[in-house]
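K.L.:
For reference, the structure I am asking about is given below.
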Amino acid sequence: MSIYLLSQLNSVCLCYSILQLLLSLVFQLVFMRHLEKLLGSLRICIIYVVCGIAGSLSSAIFIPYHVEVSSCTAVIFGSIKYIILHVSLVRAF
């Protein structure tokens, strides 16, 4: 694995402050636990990592010379989008 890929995976787990860490943990305990029961551990792991890497890369593209620790927030918003998409598709069929 390259160093860049490892740094992207590491940034998925970083939070900016204690408040962001607490909000992330509450979100994971409330929403992600039920979603994991519904979809399985592997799919949740893939969603978590892909949303985190996409958040890091979009932060690097839009703010190239400023270091951001926002992947934790990107994972939360990506998971919310997936929940909304999953619920809307299940209700459509």
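The values are calculated or read from the model by the stated rules, or taken from the named source; none is laboratory data. Computed from a prediction, not measured in an experiment: that's the story for all the values here. Backbone-built Cβ (ideal geometry, glycine too); neighbour counts: all protein chains shown.
Yes/no per residue for (1) farther than 22 Å from residue 26 by Cβ; (2) at pLDDT 80 or above; (3) not in a helix (DSSP H, G or I):
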{"position": "53", "(1), (2), (3)": "yes, no, no"}
{"position": "58", "(1), (2), (3)": "yes, no, no"}
{"position": "64", "(1), (2), (3)": "yes, no, yes"}
{"position": "67", "(1), (2), (3)": "yes, no, yes"}
{"position": "72", "(1), (2), (3)": "no, no, no"}
{"position": "78", "(1), (2), (3)": "no, yes, no"}
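K.L.:
Another question about this same structure. Given (1) loosely packed, with under 13 Cβ neighbours inside 10 Å; (2) modelled with pLDDT of 80 or more, identify the lone condition not met by residue 87.
P.N.:
(2)
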